[in-house]
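Novice: Following this message is one structure expressed as structure tokens.
The values are calculated or read from the model by the stated rules, or taken from the named source; none is laboratory data. All of these numbers come straight from a predicted model, not from anything done at the bench. Glycine also receives a Cβ, built like all others from the backbone with ideal geometry; neighbour counts cover every protein chain displayed.
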Amino acid sequence: MKIFIKFDFTAICNKLLEEKLNELEIKYKVLGFGEIEFTEKVSQEKLDALNDALNEYGSEIVENQKSILVQKIKDTIIDMVFNDDTNINVKSSVYLAEKLDHSYGYLSNLFSEVTFTSIENFIILQKIEYTKQLITNNELTLTEIAFKLNYSSVAHLSTQFKNTTGITPSAFQRIITKRRELSNENK
Amino acid sequence: MQEEDVFIILADDDEDDRLFFEEAFDELKINTKVATFNDGVELMDYLNKENSLLPNILFLDLNMPKKSGKQCLQEIKKEARFKDIAIAIYSTSASEEDIENTFVMGANVYIKKPNDFKQLKKVLSNVVTINWQYHTSGLNKDNFLLRL
């Protein structure tokens with residue numbers, strides 16, 4: 001006797017992933033097309049074990065070196081803007097090249113290729129993002145923020161804010177305040 | 001490198017504007033998929049369908065027959081399912097009142113429709129690129145305001 005089976009490959013793959021991840025007690029979210037997001041930190045041992053388990057089925061974890069490096073660039077920039085006060089006088093190109101151990105030219109090209117924006121623009125975006133956060137917290141004045149983020153003057157920060165977002169810092173503050181009032185009314 | 005298309009919806013009753021809008025995206029570096037609707041009712045009917053694919057960015061014309069852009073904005077902001085959609089107002093008006101009101105109501109982007117095609121491409125590319133940074137770098141969407 002012969003029978004014929006119709007395989008559902010996607011279902012099989014997802015089931016396999018599910019079993020292996022549950023065995024290793026890894027918390028995860030399946031994003032589709034073989035992409036998985038870990039919802040909590042996973043140790044290297046577990047990752048290796050997962051890779052071994054998948055190897056039995058002719059599958060493996062792909063680590064795209066380019067995307068990983070771009071993520072590192074972003075993390076370094078965010079850390080530089082938001083946390084690190086010590087490097088105030090170091091140029092960001094030098095800082096990134098030293099931290100990541102690649103030439104700035106290489107980092108810069110790679111970044112533009114993957115993220116559709118330049119490192120310079122990304123740094124500005126992050127600084128403005130930090131400014132927005134500080135403005136909405138109402139803790140610092142714009143002058144203090146400009147000083148904290150190493151702008152030469154409050155006018156320089158205002159101009160960059162306006163160029164990046166199209167609105168002035170004070171308009172931004174007004175809009176966010178009104179928005180909060182509105183959502184409180186609706187509650 | 002980019003694996004998923006950015007899904008974009010435009011609701012605008014002007015046929016020419018819809019056409020220019022779609023063409024402008026053809027030449028962008030970021031891969032996009034564009035759908036258009038002729039008015040606010042058509043748009044909301046689509047969005048409210050349970051398994052409809054939700055856009056990453058929604059462009060709303062303010063003056064549309066049947067249901068205006070502002071009404072759509074209001075309805076969208078009430079619905080938790082739509083919270084990840086970035087909303088761009090796309091209007092011929094540049095009145096400060098419209099701009100501030102729609103921002104307060106929850107719009108992320110306000111675009112005054114540019115007059116020439118080159119400018120339009122530049123503006124749309126800018127919106128999609130910045131939105132992409134918000135999408136991929138975990139920036140706080142509540143603080144995403146952009147006026148062009």
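Novice: Among the residues of the range A:145-187, which ones are acidic (Asp, Glu) and either within 11 Å of chain B (Cβ to nearest Cβ) or within 26 Å of the chain's Cα centre (by Cα) (or both)?
Specialist: Once the filter is applied, which keeps residues that are acidic (Asp, Glu) and either within 11 Å of chain B (Cβ to nearest Cβ) or within 26 Å of the chain's Cα centre (by Cα) (or both), the range A:145-187 yields only A:181.
Novice: Right, another one. Where residues in the range B:95-104 are outside any loop (DSSP other than H, G, I, E, B) and within 22 Å of residue B:124 (Cβ to Cβ), which of them is farthest from the other protein chains (Cβ to nearest Cβ)?
Specialist: The residue in question is B:98.
Novice: Let me ask something else about it. Just one of (1) exposed (fewer than 13 other Cβ atoms within 10 Å of the Cβ); (2) within 20 Å of residue B:136 (Cβ to Cβ); (3) at pLDDT 85 or above trips up residue A:62, so point out which.
Specialist: Evaluating residue A:62 over (1) exposed (fewer than 13 other Cβ atoms within 10 Å of the Cβ); (2) within 20 Å of residue B:136 (Cβ to Cβ); (3) at pLDDT 85 or above leaves (3) as the failure.
Novice: Look at the range B:1-29 and say how many of its residues are exposed (fewer than 15 other Cβ atoms within 10 Å of the Cβ) and touching a strand residue (DSSP E or B) at 6+ places or on another chain (Cβ under 7 Å).
Specialist: The total comes to 1.
Novice: Regarding residue A:127, is this residue more than 22 Å from the chain's Cα centre (by Cα), under 20 Å from residue B:148 (Cα atoms), within 14 Å of another protein chain (Cβ to nearest Cβ) and not β-branched (Val, Ile, Thr)?
Specialist: no
Novice: I'd like to know if the range B:69-86 contains one or more residues that are touching a Phe, Trp or Tyr at 6+ places or on another chain (Cβ under 6 Å) and not in a strand (DSSP E or B).
Specialist: yes
Novice: Let me ask something additional. Based on what the data block shows, is residue B:62 under 20 Å from residue B:111 (Cβ atoms), surrounded by 18 or more Cβ atoms within 10 Å (Cβ to Cβ) and hydrophobic (A, V, I, L, M, F, W, C)?
Specialist: Criteria met by residue B:62.
Novice: Looking only at the range A:89-105, decide whether some residue is within 14 Å of another protein chain (Cβ to nearest Cβ), out of contact with any Pro (no Cβ under 8 Å at 6 or more places or on another chain) and touching a residue at least 12 places away in the same chain (Cβ under 8 Å).
Specialist: Within the range A:89-105, not a single residue is within 14 Å of another protein chain (Cβ to nearest Cβ), out of contact with any Pro (no Cβ under 8 Å at 6 or more places or on another chain) and touching a residue at least 12 places away in the same chain (Cβ under 8 Å).
Novice: Something else: Does the range B:105-127 hold any residues that are within 11 Å of another protein chain (Cβ to nearest Cβ) and either in a helix (DSSP H, G or I) or of a type in the set (Asp, Glu) (or both), and which are they?
Specialist: B:105, B:123, B:125, B:126, B:127
Novice: Within the range B:128-148, can one find any residue that is more than 14 Å from chain A (Cβ to nearest Cβ), surrounded by 16 or more Cβ atoms within 10 Å (Cβ to Cβ) and either touching a strand residue (DSSP E or B) at 6+ places or on another chain (Cβ under 8 Å) or farther than 16 Å from residue A:166 by Cα (or both)?
Specialist: No, because not a single residue in the range B:128-148 is more than 14 Å from chain A (Cβ to nearest Cβ), surrounded by 16 or more Cβ atoms within 10 Å (Cβ to Cβ) and either touching a strand residue (DSSP E or B) at 6+ places or on another chain (Cβ under 8 Å) or farther than 16 Å from residue A:166 by Cα (or both).
Novice: Here is a list: A:178, A:162, A:132, A:148. Which entry is outside the structural domain of residue A:83 (by TED's automatic domain parsing), buried (at least 18 other Cβ atoms within 10 Å of the Cβ) and not acidic (Asp, Glu)?
Specialist: Within the list A:178, A:162, A:132, A:148, the selection yields A:132.
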